[in-house]
Amino acid sequence: MDAVVVRDLVVERGRRGVLHGLGFAIPTGQLTGLLGPSGSGKSTLMRALVGVQRVRSGEVTVLGEPAGSPGLRRRVGYVTQAPSVYGDLTVRENVRYFAALYGRGAREADAAVADVGLAEAAHQLVDDLSGGQRGRASLACALVGEPELLVLDEPTVGLDPVLRAELWARFAALAAAGTTLVVSSHVMDEARRCDRLLLLRDGDLLADTTPARLRADGGSPDLEEAFLALVRASAGVPA
């Protein structure tokens, strides 16, 4: 069963096209990387998946319902680039608050805090955290709900390599347990950690592929070089 189905999705901002008739499907339990340079339409597409983006035309179906349906509120988790947490509460208070909204307890909340590497900062006010720590606190608030679909907009920006690797391992474990994840990044190195890749360029879906196929189609073992080769090919530029 597909967790996400997108058909002919068109989004415009003013008179400028942002997404140009995108179409794809994401199977349940898959870790999908949404990759592309800044301005390619990644965040707009993610907002469309969670139902908070006005679209001109097309359909977005999530877990069998139209994106944004009331029935999806407890089934979909969304972490934006701007942390969605309360600055005057501690990390633990934030996560326990969201846990209560999802019908979860303190034990699950504390486990989510530990999962994002914030156990030692659990009693700190969010306003006193670094930008990267605030992002992790926001991620913990999404994880504690144990959503069926988790949409993460560049969750590893500003994190050190060790923590980035730990979070990607956590994402892989969630997918293996049946959670569907869509994770955006502009860092091609993170593409190798995904089951599947959606590559965006200027609002178009350049490729719906896997890391192995991207290397083969791009003619390079380096994912970034392979992606650039596809960009050049799509623009008609000789290799």
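All of the numbers you see were taken from the coordinates with simple rules; none came from a lab. Computed from a predicted model, the values in this text were never measured in an experiment. In this analysis, Cβ positions are derived from the backbone assuming ideal geometry, glycine residues included, and neighbour counts consider all displayed protein chains.
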- Message: With the requirement that a residue be basic (K, R) and closer than 21 Å to R213 by Cβ, what does region 153-201 give you?
- Response: R192, R193, R196, R201
- Task: Hey, can you tell me all the residues within region 120-149 that are charged (D, E, K, R), outside any helix (DSSP H, G or I) and at negative phi?
- Result: E148
- Query: Scanning region 120-160 for residues that are farther than 18 Å from L89 by Cβ and β-branched (V, I, T), which turns out surrounded by the fewest Cβ atoms within 10 Å (Cβ to Cβ)?
  - Reply: V157
- Scan region 24-40 and report the pairs whose first residue is in a loop (DSSP other than H, G, I, E, B) and whose second residue is basic (K, R) and crowded, with 17+ Cβ neighbours inside 10 Å, with Cβ atoms within less than 6 Å and a gap of 6+ or a chain change. Q30/R196; G36/K42; G36/R201; S40/R201
- Query: Does region 110-119 contain any residue that is β-branched (V, I, T), in contact with a strand residue (DSSP E or B) (Cβ under 9 Å, 6 or more places away or on another chain) and either surrounded by 16 or more Cβ atoms within 10 Å (Cβ to Cβ) or on the phi > 0 side of the Ramachandran plot (or both)?
  - Reply: no
- Query: Does V4 fit the bill of being in a strand (DSSP E or B) and farther than 19 Å from L72 by Cβ?
  - Reply: no
- Mind listing whichever residues of region 180-239 are polar (S, T, N, Q), in contact with a Lys or Arg (Cβ under 8 Å, 6 or more places away or on another chain) and without any contact (Cβ under 8 Å) to a residue 24 or more places away in the chain? T209, T210
